[in-house]
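Note sheet for the following structure.
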Amino acid sequence: MELFFSQILDGLSIGSVLLLAATGLAIVFGLMGVINLAHGEFMMLGAYVTYVVQSAFKPMGGVIFELYFPVSLVLSFIVTALIGVLLERTLIRQLYGRPLETLLATWGVSLILIQLIRSVSTAMMLGILVGVGVGFIISKLLAAKFSAKPFFTYLNGLGWAIAIGIGLIAVNLFDQVRPLSKAWFGPRNIDVTAPKWLQGSWGMIGTIELPGLRIFIILLSALLLLATYWFLNKSVWGLRIRSVTQNRQMSNCLGIPTDRVDSITFGIGSGLAGVAGCAITLLGSVGPNLGAAYIVSCFMVIVLGGVGNLLGTVLASLLLGIIQSVIGSGTLLTIFPDMPLAAKGVIEFFATTSMSLVLVFIFIIVFLQFRPNGMFPQKGRSVDA
């Protein structure tokens, strides 16, 4: 029984990580209708921000080092939220109402982010800064002289193409300096050491210990979920987000800055993904392919719970986390050794991490035959928006 409770706790912690990531995806996908395939890579960026913060705090040691994780949580949210806002303003904003183009564009962004983490170096960053700086200068000069001309868009695009070429040349030049050419992370996985106050047990229930890491992830997920609920339902900007979701044209007529609402919504969703990536570092090593391991599960949570419904997201994420932990670990075989051979064969077949995901897929397919809109489907005008 202790083993079963331990696996349930593991499943709740895995489900809590899924909840953090899926909540951000539910906001972006459910409220904005944007299929963001780069959401998993925002989780990966949050994990790497945590690694960088840990590396910065490690030389300090002692009590200062123990504070690195709270700082990582805040910085993971801020960094990924800012990158999300930048992505929304430069790319996503041009593709609203075109889900297929959005899906392909964000998939391309995810590939770029993966390769960037694998090969980013000081030389590359300096080259990128040079290219972006030249691009902005060219854009400003062209806008001052040709902004009213019909061919300005094409001319501006040509200017940015020239800036990209200059940036690539700068990268090659900086790369000749050996100290600048060293990759920051590389393709290998990285490990983050949990602070001492998260290690060990946080108490006991009978003879069962409560691991600090698991309990912290569950509490963090619950706290951020409550904060998200309060923001969407009680704050002024949350009211504006829900207004734009239900009727964008009327909200615009009433003076609500819809462009700013879109940026804030995308930034919050991306920031929550970054916090989820920060939490994932407590469960094991992470690498550039981290996002691919979670993005499918996040979409399964959204579909199963009901698009844009926070309660459905909570129940679906915890349910999927428990199924993956209990079934995938083979715990049932240990707890019930005398079960019928037919049932034992089925459980043995699904008693791996990958096959437990297959079982989850089968469960969702069967469930959607009876409730095609998820546990808690949207109702009202937001469905027709």
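Of note:
- Counting only helices (runs of 4 or more DSSP H) that sit wholly inside segment 60-164, those with at least 2 residues that are open to solvent by less than 20 Å² (accessible area, probe 1.4 Å) and within 24 Å of Pro187 (Cα to Cα) are 68-90, 99-119, 122-146.
- Here segment 155-200 is the region considered, the condition is being among the charged types (D, E, K, R) and over 14 Å from Gly127 (Cβ atoms), and the residue that is farthest from the chain's Cα centre (by Cα) is Arg178.
- Exclusive hit being modelled with pLDDT of 80 or more, out of contact with any Asp or Glu (no Cβ under 6 Å at 6 or more places or on another chain) and within 30 Å of Glu66 (Cα to Cα), set Leu232, Leu225, Leu173, Leu142: Leu225
- Subset tally (residues that are exposed (fewer than 15 other Cβ atoms within 10 Å of the Cβ) and assigned to a loop (DSSP other than H, G, I, E, B)) for segment 231-259: 4
- Among the residues listed as Ala279, Ala227, the single one being buried (at least 23 other Cβ atoms within 10 Å of the Cβ) and in a helix (DSSP H, G or I): Ala279
- Test: Ile27 is assigned to a helix (DSSP H, G or I), buried (at least 19 other Cβ atoms within 10 Å of the Cβ) and in contact with a Pro (Cβ under 9 Å, 6 or more places away or on another chain): no
- Among residues that are under 16 Å from His39 (Cβ atoms), touching a residue at least 24 places away in the same chain (Cβ under 8 Å) and in contact with a Leu (Cβ under 8 Å, 6 or more places away or on another chain), Tyr294 is included.
- Within segment 31-52, tally of residues that are open to solvent by 10 Å² or more (accessible area, probe 1.4 Å) and either closer than 27 Å to Gln246 by Cα or β-branched (Val, Ile, Thr) (or both): 7
- Some residue of segment 308-315 being open to solvent by 10 Å² or more (accessible area, probe 1.4 Å), free of Cβ contacts under 8 Å to residues at least 12 places away in the same chain and not in a helix (DSSP H, G or I): no
- Residue match in segment 191-207 (condition: part of a helix (DSSP H, G or I) and either of a type in the set (Val, Ile, Thr) or open to solvent by 90 Å² or more (accessible area, probe 1.4 Å) (or both)): yes
- Subset of segment 14-33 (residues that are over 16 Å from Ala81 (Cα atoms) and among the β-branched types (Val, Ile, Thr)): Ile14, Val17
The values are calculated or read from the model by the stated rules, or taken from the named source; none is laboratory data. Remember, predicted model here, so these are calculated numbers, not experimental data. We place every Cβ from the backbone using ideal geometry, glycine too, and count neighbours over all the protein chains shown. Please note that ligands, DNA and RNA were not included when accessible areas were found on the heavy atoms of the full protein model with its side chains. Shrake-Rupley method; radii C 1.70, N 1.55, O 1.52, S 1.80 Å.
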